[in-house]
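This report refers to the structure that appears directly beneath it.
The values are calculated or read from the model by the stated rules, or taken from the named source; none is laboratory data. As the structure is a computational prediction, the values presented were derived from the model and not from experiment. FYI the Cβ positions are ideal-geometry reconstructions off the backbone, even for glycines, and counts take in every protein chain you see. Only protein heavy atoms, including side chains, enter the accessible area calculation; ligands, DNA and RNA are left aside. Shrake-Rupley method; radii C 1.70, N 1.55, O 1.52, S 1.80 Å.
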Amino acid sequence: MKPTVLVIDDEKTFRIVAEEALSAEGFAVTTAGNGKSGLAAWQREPCDLVILDRQLPDTDGISILETMVRESRERGVETLVVIATAYADVSSAVQALKLGAFDYLSKPLQLPELVITAQKALEAKRLRAQVRQLAGRAQAAMGDLVPGESAAMRVVLEMVEKVAQATDTTVLIQGESGTGKELIADLIHRRTPGRSGEPFVEINCASVPESLLESELFGYERGAFTDAKQQKRGLFEEADSGTLFLDEVGELPLPTQAKLLKVLEDTTFRRLGGTRDLTVNVRVVAATNKDLAAEVKRGVFRLDLFHRLDVFHVQVPPLRDRREDILPLGRHFLAKFAARLRKPATHFGAETERRLLTYDFPGNVRELRNIVERAVILAGSGDGEIEIDARSLAGSGAAPGAAPPGAGGSAAEEFFTLGLDDSGRPPPLAALERAYIARLLEFAGGNRTQVARLLGVSYPTIAKKIADYGL
């Protein structure tokens, strides 16, 4: 998308030549001949940059500047304003800068100076946005990593620090869903010298349709296919000089795997429909919850790509294997959501802590986060103690690693104890199903959502069966 510029000046000749000069440099330019129409145009559609004349026939440019600065803050947008003022009127320029103008230009304006100032303003806006993004991502990522106290996570963080210094090395992060692989990838990027200030671009390979995946990664040229009305840069280009994070890389289709291998080997690729090779300087970090070595044996993942991705391997342990982290993480999430939701939640009760420590967390840190958030939402205005009951922790009363009823053998065998009828026949299927659902409800502490998950059905389906069977 082209950067947008609004030129507000009462000199028609200047508006015309300014529009031509800026358009030639890739800006989308609109113009206005007075302050009222210029401000109205900006209020309808804020732009990236405004070139504003200090002396306008209907109003003072300074008042327009003040309005734009104030409304930008109120609306959460950022428009940079460059004031054009008479050469001798230095005091007005200083006043404009104090009020929030990005820069000023002396009239009569020179077109080369105008173009350079516009480019400088847009680069400053891009850098400001990048700094805000990095700061926000750093705060979010570190917030959920710092509380870990286990030896297992200390090993992971030590490995992150070491591989971060190898600025070009490809990294494969492996771990169950919910263990925080994306946070580890982000931390690697932010700790890598020379790349931390550059883009961190991520894509979930499982969430993009196979037909669109290549165009997302490599981009396309105009006319490459029916709907390709203009050129599109791919994520490899967007991540140039920075890091490209391929989440769920095990879901990549084989044809895309071949193209990814080529980029990793020689750092070049072509956009779809392109005729020339493009070169990028990108570190690739990939993550998966699958066993890629097993996927290679199954023939669904390329062996050469596996070796190319697995140069440096980081294994993120599941939460059940680092129970020392459960309470610190839980307390961290408690403080976080209590502040966000403005709830007087300060600590867990003793029984809640016992339940958390004995629960296996199949959803790992993500599940812990969700459980705590739900508990804070439901919290009243008591003494600040948060209780999490057994229904919120399906199977929390069972021993760690306990399986649901029937998981170790035939459900039918387990429930034949219902007895045979007078003719020697087993009970009807409905009776077996009712008994099995009843046992699952007992196992899950009455949590219907967990029962639906265990049976692999939707919540409405299990809710209807519970009602039908009168459970």
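Before moving on, here are some points about what is shown:
- Summed over the residues of the chain and divided among them, the accessible surface reaches 51 Å² per residue at a probe radius of 1.4 Å.
- In the assembled protein chains, Leu127 presents an accessible area of approximately 70 Å² (probe radius 1.4 Å).
- Share of carbon and sulfur in the accessible heavy-atom surface of the chain [1.4 Å probe, %]: 53 percent
- Each stretch of four or more DSSP H residues adds -39500 (n - 2.57); spread over every residue of the chain, this sum gives -15000 deg cm²/dmol at 222 nm.
- Whole-Å distance, taken between Cα centres, linking the range 228-282 and the range 342-369: 41 Å
- Neighbour cut-off at most 13 other Cβ (10 Å), DSSP loop, trypsin sites (Lys or Arg not before Pro), the range 279-362: Arg342
- Which of Glu11, Glu295 is most accessible, then next, and so on - probe 1.4 Å: Glu11, Glu295
- Heavy atoms of Ser196 accessible to a 1.4 Å probe, total area in Å² rounded to 10: 40 Å²
- Debye, to nearest 20: dipole size of the chain, +1 on Lys, Arg Cβ, -1 on Asp, Glu Cβ: 240 debye
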